[in-house]
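K.L.:
Before I ask anything, here is the structure I am working with.
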Amino acid sequence: MLPTLPQCMIALLKILLAAAPTSKAKTDSINIMADVLPEEMPPASSHLPPYSMTVMQSMKLGVDVNRHKEVLVKAVSATLLLLLKHFRLNHVYQFEFMSQHLVFANCIPLILKFFNQNIMAYVQAKNWIPLLDFPACVIGDPPEMTAEALEAGTAGLGSGNTSPGGSTCSPGGGITGDGGGIINQGTVTCCWRNMFSCTNLLRILNKLCKWKHSRIMMLVVFKSAPILKRTLKVNTNTLTPSASSKHSFYKLHQIT
């Protein structure tokens, strides 16, 4: 993998750039929606023009597109973090080799661009339809997809009792069950998928800039202080494994 590592890093960062919420659609960018968007819009009903979509189909497609982007960000960030960890344990020169190519591929400004948004809104995003989530989609008779049913499912999820994936949220903010994507922290519902992605990107940025004065100065050039300061506002128990990472970025914010 090492001979083709620069090409792999560029390919992963292109996917991350295309899936970032702050990136704008371009005609020459990589198409990450090929697996989500239908080749031809399905006919809604007989009294509508061909290939037109109902409100329900449009809502399902919009939620699926946003969820697809979130899954891509989660997968790419986890892959990069695991590769950095593996190379650092295997040989420090391999870690430095990958880190240098990530810096050459503008990974640092890309991560800052990702965090240059409303982080609180991103980690609380609700890009899911409870009636179509597992296991509700396979247990019992499938409910009719109506506006009333969707509103009832969303209200039931927002009450803090259940979460997709057959998981139940405890009053203390914990989560029990077989996984799931939603965690209820008291009165705030946060998306575990987006929280995981943000944590991974912060740890990647920490590994790239730690003890590297030239890269820390790059953060100063890119005016990263207000951007990184927004990440400290996300105060949740799910970031406990990366508390050292948040502490490092707090010190990094003081330096910059």
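The values are calculated or read from the model by the stated rules, or taken from the named source; none is laboratory data. No experiment lies behind these values; they were computed from the predicted model shown. Note that we place each Cβ from the backbone using ideal geometry, even for glycine, and neighbour counts take in every protein chain shown. Remember, those area values only see protein heavy atoms, side chains included, never the ligands or the DNA or RNA. Shrake-Rupley method; radii C 1.70, N 1.55, O 1.52, S 1.80 Å.
K.L.:
Averaged per residue, what accessible area in Å² does segment 57-127 show with a 1.4 Å probe, protein chains only?
P.N.:
Values: 3480 Å² over 71 residues.
About 49 Å² of surface per residue is accessible.
K.L.:
Here is a follow-up. Cβ neighbours within 10 Å, averaged per peptide: list 61-67, 88-94, 199-205 in order, most packed at the top. Could you put the intermediate results ahead of the total?
P.N.:
On the way: 61-67: 15.4, 88-94: 11.7, 199-205: 23.1.
The peptides rank, most packed first, as 199-205, 61-67, 88-94.
K.L.:
Highest mean first, how do 81-87, 108-114, 54-60 rank when packing is the count of other Cβ atoms within 10 Å averaged over residues?
P.N.:
Details: 81-87: 16.0, 108-114: 19.9, 54-60: 13.4.
With the highest mean Cβ count within 10 Å placed first, the list reads 108-114, 81-87, 54-60.
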